[in-house]
Amino acid sequence: MSKVSIAAYVYGRVQGVGFRFATQHQANALALAGYAKNLEDGSVEVVACGEQAQIDKLLTWLKQGGPQYAKVERVLTEPRAVKDFEGFSIRY
């Protein structure tokens, strides 16, 4: 199967609630590579690369609200060029 890559922009109460850490944990469990990064507008950018089925599972988790203390209002996605990431990291 071929790899795909997406960028998801997650809006709501997603900073200061362990969102990036929980996303990293979820992505690692799904064998995805990429990163999660806080953006200046209060959203979180999640870039994930891997098998489509696993990316779909991550997107479902994000849309369902992510970690316990987060409050996801919306998730926007767009395709990205596939890159070779080493694991899933938190970017600052």
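Some values worked out for this structure:
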{"quantity": "Options 87, 66, 50: the member that is farther than 13 Å from residue 6 by Cα, touching a Ser or Thr at 6+ places or on another chain (Cβ under 9 Å) and not hydrophobic (A, V, I, L, M, F, W, C)", "calculated": "66"}
{"quantity": "Those residues of segment 66-79 which are farther than 11 Å from residue 22 by Cα and either surrounded by fewer than 15 Cβ atoms within 10 Å (Cβ to Cβ) or among the polar types (S, T, N, Q) (or both), in sequence order", "calculated": "71, 73, 74, 76, 77, 78, 79"}
{"quantity": "Count of segment 22-47 residues which are assigned to a helix (DSSP H, G or I) and either touching a residue at least 40 places away in the same chain (Cβ under 8 Å) or in contact with a helix residue (DSSP H, G or I) (Cβ under 8 Å, 6 or more places away or on another chain) (or both)", "calculated": "6"}
{"quantity": "Single residue of segment 62-92 satisfying the filter (modelled with pLDDT of 95 or more and acidic (Asp, Glu)) that is nearest to residue 52 (Cα to Cα)", "calculated": "78"}
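The values are calculated or read from the model by the stated rules, or taken from the named source; none is laboratory data. Remember, predicted model here, so these are calculated numbers, not experimental data. Don't worry about glycine lacking a Cβ; one is built from the backbone with ideal geometry, like all the others, and counts go over all protein chains shown.
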